[in-house]
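FYI, it's all coordinate maths here, none of it is from the lab. Just so it is clear, the structure is predicted and the values come from calculations on it, not from any experiment. Here the Cβ positions follow ideal geometry from the backbone for every residue, glycine too, while neighbour counts run over all protein chains shown.
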Amino acid sequence: MSIVSNVAAISKGMSITFREMFKPTEVENYPDGPGPTRGAVLQERFRGAHVLQRDENGLEKCVACFLCAAACPANCIYIEAADNTDEKRISSSERYAKVYNIDYNRCIFCGYCVEACPTDAITHGHGFELASLNATNLVMRKEDMLVPVAEMVTTK
């Protein structure tokens, strides 16, 4: 009886294969599509490249509290803090992140850093093209992740 059920299962699977083999191929226009995602369809909850946000005044939201680095299980976030001065304000707090690096060679996109941030300074964006042949290109610096001031003006 088991040989008959095995042959029936194989024939059912092969019938599906042959039926699909003669249908036209459906292709998405990812590399050549329109818009910034070029035809790729992303879900709202997609966790892409990290983005460092600014507040409504254009100052950085990151206050260098190190909670994101402490929450990271892959230990891929490196932060150096510096103090704000009255002449040069980087963030609205007393401190700011002078250096903020994320090593995407180690990042597992778990989202713990986003959840740990008390000021909502770091978020997951929709950037998905992170592949590189050189591992040193996968260390994203603060300048690479920070939202430009010109982009903030257009989103208001």
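What percentages, rounded to whole numbers, describe P(r) for the chain computed over all alpha carbon pairs with 5 Å bin width beginning at zero?
2, 8, 13, 16, 14, 11, 8, 6, 5, 5, 4, 4, 3, 2, 1, 0, 0, 0
Going highest first, how would you order 58-69, 102-113 by mean Cβ packing within 10 Å?
Output ranking for 58-69, 102-113: 58-69, 102-113.
Rounding to the nearest 20 debye, state how big the charge dipole of the chain is about its Cα centre with +1 on each Lys and Arg Cβ and -1 on each Asp and Glu Cβ.
Roughly 540 debye for the chain.
Roughly speaking, what is the stretch gain from Arg89 to Leu138, that is 0.36 nm per residue apart minus the C-alpha to C-alpha distance, in nm to one decimal?
14.7 nm
What net charge is computed for the residues neighbouring Ile102, neighbours being all others with C-beta under 10 Å from the C-beta of Ile102, Lys and Arg scored +1, Asp and Glu -1?
Computed value for this residue: +1.
If R0 is 22 Å, what FRET efficiency do you get for Val149 and Ala82 from their C-beta distance, rounded to 0.05?
Working: r = 20 Å, r/R0 = 0.90.
E between Val149 and Ala82, to the nearest 0.05, is 0.65.
Run lengths n ≥ 4 of DSSP H only: what is the helix-derived mean residue ellipticity at 222 nm for the chain, with -39500 (n - 2.57) per run over all residues, to the nearest 500? The partial results should precede the final answer.
Details: 5 runs with 41 residues, N = 156.
Mean residue ellipticity, 222 nm, calculated: -7000 deg cm²/dmol.
Would you work out which of Ser2, Tyr96, Ile77 lies farthest towards the positive end of the dipole of the chain, given +1 charges on the beta-carbon of Lys and Arg and -1 on that of Asp and Glu, about the Cα centre?
Comparing the listed Cα positions along the dipole, Ser2 ranks first.
Would you work out which of Cys107, Gly13, Val41 lies farthest towards the positive end of the dipole of the chain? Charges go on Cβ: Lys and Arg +1, Asp and Glu -1.
Among Cys107, Gly13, Val41, the one farthest towards the positive end of the dipole of the chain is Gly13.
What is the gain in length, in nm to one decimal, between Ala40 and Ile108 on full extension, counting 0.36 nm per residue of separation less the C-alpha to C-alpha distance?
Full-extension gain reported as 22.3 nm.
Any idea how far the Cα center of the range 82-142 sits from the one of the range 1-23, in Å?
51 Å
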